[in-house]
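Every number in this text was worked out from the coordinates using simple rules, so none of it is lab data. Just so it is clear, the structure is predicted and the values come from calculations on it, not from any experiment. Glycine also receives a Cβ, built like all others from the backbone with ideal geometry; neighbour counts cover every protein chain displayed.
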Amino acid sequence: MNEPVSAGTDPAALPPRPHSRIRRIIVIALLAVLACILAAAGYIWYRTTHSTVSSVTINPQSAFDKGDLKGAMEQVDGILALDPDNVNALVQKSLATAQAALASPDRVRVAGEAASLARQAIDASGGKSSEAYRALGFAHSVEGKYADAHAAYEKSLGIDPHNALSLAGDADIYAFEGETAKAKAGYEAALAADSTTYQADMGLGHIIALGGDTDGAIAEFTKAYNYSPNQNLRAQAAFSIGLILIDTGNVDLARAYMEKATQFDPNYPQAWFGTGTAYYAQSVKAAADPSLRPQAGALMLASIRDLKRATLIDPTLVLAHLQLAIDYDAANQDAEARTSLERAKTLLPADTTLSAADRAALSARIEAFAKTLK
């Protein structure tokens, strides 16, 4: 594990804020990244032991934390082959299936499979497993059935009021729905129940960031960055810190955090969107400084390279396509800019990781940018 670092910055030393185009992208990304916290729930396996769970011990945690979903699932499937009613294994498989649904073109169907697995766990436990209802809540959240997800989390908490991950998962949905006060209360309750619930630190950090307290947000993200055993959650933390640093103008440190995100989880597409965005911000900064101007072109090429990698991992990542359009426009590649912008516009209506408000804001941003193209 890397040594803990402090993400604090000296506001007096910050360079000017980046170009308004990139700043608008960052603001939208801060809103959209709340949806990523829903995904974090699927990256946290069963963490507590309940009397209703089979005595068979499963330990896919290490493989899963390192991003080895296949290895973790093989362990779970091996247990289920011998014990089809193992509540623990069914819960873990449900969480993993819901996680896989997030990257599936058939998201709703796959999430439905996760919900079915969670119901099997509920039945196998006689309706007494808080974790089984938590898994059902996560599956419903991925399906987009937020009322059903809230109901499942309520049942989970009715069995175990101190289930920190259910508290955090329910808060995630409130955050996605724009109920920030309820989300904040949920995250705080999760951390009161278990101070190592880094998913809650991440969610709370985004709520704080949207409220304008960047130092407070970075403090929350840094907890997950330094101490979470899960590589994807650490990547999310590094990415989130990087977004704030870009927005406040500290683009060099932002790029360092974005690069850490790609190291923590090379398959996390937002990390490559992050490095691409940081390179773009550095290019804008270099172009405005005669002493740095010769570097601007190379930085722009690096930005385009990493943004393309983000879209290869997740072809539906609207923010990456929009930033690519901005990059190409700045590089006077008009045809490529229009192609990327059109791709962003086409993908936007189907992007279920965005709330209705975020989708409307991003749609307006796309239309505004379209009018500026040559």
*Cβ-defined net charge surrounding ASP83, 15 Å radius [Lys, Arg +1; Asp, Glu -1]*: -2
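Using the eigenvalues of the Cα gyration tensor, what equivalent ellipsoid semi-axes result for the stretch 216-372 when each is taken as the square root of five times the eigenvalue, whole Å, largest first? Walk me through the numbers before you get to the answer.
Numbers: eigenvalues 117, 87, 38 Å².
Sorted largest first and rounded, they come to 24, 21, 14 Å.
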*Taking the Cβ of each residue in LEU322, LEU354, LEU82 as the centre, tally the other Cβ atoms inside 10 Å and list the residues starting with the fewest.*
LEU82, LEU354, LEU322
_Span from the the stretch 289-338 Cα centroid across to the the stretch 82-120 one, whole angstrom_ = 37 Å
*May I ask for the net charge around ARG359, where only other residues with Cβ less than 13 Å from the Cβ of ARG359 are counted and Lys, Arg are +1 while Asp, Glu are -1?*
-1
_³J(HN,Hα) computed for each position of the stretch 314-328 - Karplus, 6.51 cos²θ - 1.76 cosθ + 1.60, integer Hz, glycine/proline x_ = 9, x, 9, 6, 4, 4, 5, 5, 5, 5, 4, 4, 5, 4, 4
*Applying the Karplus parametrisation 6.51 cos²θ - 1.76 cosθ + 1.60 with θ = phi - 60° to the phi angles of the stretch 198-210, what ³J(HN,Hα) value in whole Hz is obtained for each residue in order, glycine and proline being reported as x?*
5, 4, 5, 4, 5, x, 5, x, 5, 4, 5, 4, 5
_Cα-projected label distance for ALA181 with ASP334, points at 7 Å along beta-carbon direction, nm_ = 5.2 nm
*Evaluate the distance, in nm, between pseudo-label points positioned 7 Å from the Cα of ARG293 and of ASP148 along their respective Cα→Cβ axes.*
6.0 nm
*Give a residue-ordered list of calculated ³J(HN,Hα) values for the stretch 333-344 (Karplus: 6.51 cos²θ - 1.76 cosθ + 1.60, θ = phi - 60°; whole Hz; x for Gly, Pro).*
9, 5, 4, 5, 4, 5, 5, 5, 5, 5, 5, 4
